[in-house]
Amino acid sequence: MRKIYHFRRNLVLETTTTCAEVILLKMNDDFENSSISRLHTKKQSLDDMYSAPANFLEIDVLNPQTTIVQGKKKFTDYEIRMKTNLPVFKVKESSVRRRYSDFEWLRNELERDSKIIVPPLPSKAWKRQVPFFGGDEGIFEEKFIEERRKGLEIFVNKIAGHPLAQNEKCLHMFLQEETIDRNYTPGKDYFKLYVIALILFYISV
Amino acid sequence: MNFLGFGQTADIDVVFADSENRKYADCRMDENGKKEKLLLYYDGETISGKVNVTLKKPGTKLEHQGIKIELIGQIELFYDRGNHHEFLTQLKELARHGDLIKNTSYPFEFPNVEKPYEVYTGSNVRLRYFLRVTIVRRISDIVREIDIAVHTLSSYPEMNSPIKMEVGIEDCLHIEFEYNKSKYHLKDVIVGKIYFLLVRIKIKHMEIAIIKRETTGAGSNVFTENETIAKYEIMDGAPVKGESIPIRVFLAGYDLTPTMRDINKKFSVRYFLNLVLMDTEDRRYFKQQEITLWRKSEKTRKSLSNSAIGGTASTQGSTNNLTQAQQNATMPTHLVQGASSIHTSSDIQGSHTSPASSSNVVSASAAVDHPNMGLFTEEDSPQHEAQSKTRSNPLAFDTDEDKTPSKEEDDAPLSASKEQPQQQKSIDESSSLFDEPSATITEQQQSQSNNTAISNNDGEIETSAATADREASTAKD
């Protein structure tokens, strides 16, 4: 049912009880005829309306584990679990283990190569590395590790969502490859181009 | 004789003819925005009235070397105080040297004065018209200045096409925005829409702002000041592909002036619509688009008196009585000229690009110049210069990253009709910019655009990250 309200002779307000949209038509004495009703818009397909969003990206930093390897120093590493549907990432679900120094490496690579201002890492905690300084377990103390884990999660999410950092090889290596090859050639990761080149190659052959 | 104020002195007052029939305009009088009502005149109108000289001490005579009245239009640049540029001076002698023994009234008339520019008070420049009455005396003159307001009127532009553009960052965000016109009068309504074609970032909200950019000076000392006149949110939440967001901005509520281009080669005042999208990590993606504002004559129900014919622009055919000067007034060229190029060119708070990359992008896309979109973060670090320049990269978002001040050139070849002013640091907090760093990004863009370019959808990405992080990073050990 449509209702039409008249306010003064130059303003008409139309409402429909079935539709939430209100169309306002203003006709003024100047006979401008400049309607201020909305511009015509394309209707959104139901598919677009209800399909999964194209911006799905979730990275969690979990499961800190302290490892004691024979003959080497004790260290803590974390699981980096990533789920995404962004085409820029080769692997849609990945899980790798990384330690703090790996994050530092990533940060340095990005600072040097990418155009972004790289967010900060949680602190290095030099004090804690001195044994018995605080009376607790230093860098292996639970609360400290938890704080660090949170900071690392914030850090990695900020970077991975950044359009300018998403193409960096170092980021892809960090997130999706088993081990980090510190001797890699820095650069941009053109996975898309690789796939296209591959397709073209097969077509031409 | 006048020793230490013991002599005779006088008060000067100016009464304007037909001031009852004339409108007043609210004008900003100083940089702080204090407003005052001034009598409003239009181009070609006669300024006439009476100067009343009142002696302060009755009974004593006032000796003087002459009384004169001047009509002055001047441009004052604040950084160059004391140096006023007068573009209009007219002088009338009211009295020759002699003695005043009683209060006297002198009539004056400046017939059909050309007043080519509108009055304007801004952050760095002031244009004003005033009458200056001087009683010349041997030791000290008695001077009184009275300001008047001048508005320049335009009629409906013949060509007023909508602004419609597709911009984006390759693989991350593509939008198509549309505004119903490119030239708006000061009481107009901006009706538009944003259509999302690709959304691979997590958008938090979108807002639109009206920005006034005042450029003063010439050559190497150009100074630009941006002011956000209005800003409001038009979308909250994350859009998906296929969604359209409507825009409706009523200009009447804001303190706006008409667009002024290169007034007497001294300053410009231009207006931009700034569309800003913010993602969940506080990164901002923006697109600036210039709009032309013009002043429409207000049709009054009263019949216009003879002295007021000069003012009204010919909206619907009142051109018959207009004199030459008045007809010139109907379409001040400096206001609407060049505006036809607006919808194809824009000034943008963009970022720099190396000539190589821009030429590549040119080859990859149709030769249409579209401005870039910017991506930058909320807070501006004071260390970073925000030097930005316009760039004619079709359909791109810029993000400015303030690593090093970039000195790259605009890709001038692309945009023949485009205005590309050099911009300096944006003071406005809502449009913080950083310099665009150089090679690696543009390389990336080159290869990307070469291989993945769709005919009208090239992307360039230049970004900056969250400033909060940057600030924190300086404190990081």
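The values are calculated or read from the model by the stated rules, or taken from the named source; none is laboratory data. Being a predicted model, the structure only gives us computed values, none of them experimental. All Cβ positions, glycine included, derive from the backbone under ideal geometry; neighbour counts span all protein chains shown. In case anyone asks, the SASA skips ligands and DNA or RNA and just uses the protein heavy atoms, side chains included. Shrake-Rupley method; radii C 1.70, N 1.55, O 1.52, S 1.80 Å.
Just the residues that are assigned to a strand (DSSP E or B) and among the hydrophobic types (A, V, I, L, M, F, W, C), please, taken from the stretch B:179-199.
Within the stretch B:179-199, B:Val189, B:Ile190, B:Val191, B:Ile194, B:Phe196, B:Leu197, B:Leu198, B:Val199 meet the criteria.
For the list (1) at pLDDT 95 or above; (2) open to solvent by 10 Å² or more (accessible area, probe 1.4 Å), I need the number of the one condition that B:Thr280 fails.
Only one criterion is unmet by B:Thr280, namely (1).
Can you name every residue in the stretch A:88-105 that is closer than 15 Å to A:Glu178 by Cα and acidic (Asp, Glu)?
A:Glu93, A:Asp102
Could you look through the stretch B:159-178, keep only residues that are more than 13 Å from chain A (Cβ to nearest Cβ) and in a loop (DSSP other than H, G, I, E, B), and pick out the one that is surrounded by the fewest Cβ atoms within 10 Å (Cβ to Cβ)?
B:Met159
Among residues belonging to the stretch B:145-158 that are of a type outside the set (Asp, Glu) and not in a loop (DSSP other than H, G, I, E, B), point out the one that is nearest to B:His185 (Cα to Cα).
B:Ser154
Of (1) within 14 Å of another protein chain (Cβ to nearest Cβ); (2) open to solvent by 50 Å² or more (accessible area, probe 1.4 Å); (3) among the charged types (D, E, K, R); (4) in contact with an Asp or Glu (Cβ under 8 Å, 6 or more places away or on another chain), A:Arg99 satisfies all except one. Which?
(1)
Have a look at B:Gly237, B:Gly338, B:Gly253 and point out the one that is open to solvent by 20 Å² or more (accessible area, probe 1.4 Å), small (Gly, Ala, Ser), modelled with pLDDT of 55 or more and farther than 30 Å from A:Ile116 by Cα.
Testing whether each residue is open to solvent by 20 Å² or more (accessible area, probe 1.4 Å), small (Gly, Ala, Ser), modelled with pLDDT of 55 or more and farther than 30 Å from A:Ile116 by Cα leaves just B:Gly253.
Taking A:Glu146 as the residue in question, decide whether it is away from every other protein chain (no Cβ under 14 Å), acidic (Asp, Glu) and more than 19 Å from the chain's Cα centre (by Cα).
yes
Among the residues of the stretch B:81-110, how many are open to solvent by 60 Å² or more (accessible area, probe 1.4 Å), outside any loop (DSSP other than H, G, I, E, B) and over 23 Å from B:Lys56 (Cα atoms)?
Within the stretch B:81-110, residues that are open to solvent by 60 Å² or more (accessible area, probe 1.4 Å), outside any loop (DSSP other than H, G, I, E, B) and over 23 Å from B:Lys56 (Cα atoms) number 7.
So, in the stretch B:65-76, exactly how many residues are open to solvent by 10 Å² or more (accessible area, probe 1.4 Å), more than 15 Å from B:Ser105 (Cα to Cα) and assigned to a strand (DSSP E or B)?
Result for the stretch B:65-76: 2.
For the stretch B:111-130, give me each residue that is surrounded by fewer than 18 Cβ atoms within 10 Å (Cβ to Cβ) and part of a strand (DSSP E or B).
Within the stretch B:111-130, just B:Phe130 meets the criteria.
Let's see how each residue does on (1) open to solvent by less than 80 Å² (accessible area, probe 1.4 Å); (2) away from chain B (no Cβ under 14 Å); (3) of a type in the set (A, V, I, L, M):
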position	(1), (2), (3)
A:Gln44	yes, no, no
A:Ile59	yes, no, yes
A:Leu62	yes, yes, yes
A:Gln65	no, yes, no
A:Glu79	yes, yes, no
A:Val88	yes, no, yes
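Tell me, please, whether a residue that is in contact with a helix residue (DSSP H, G or I) (Cβ under 9 Å, 6 or more places away or on another chain) and more than 14 Å from every other protein chain (Cβ to nearest Cβ) can be found in the stretch B:188-208.
Yes, that holds for at least one residue.
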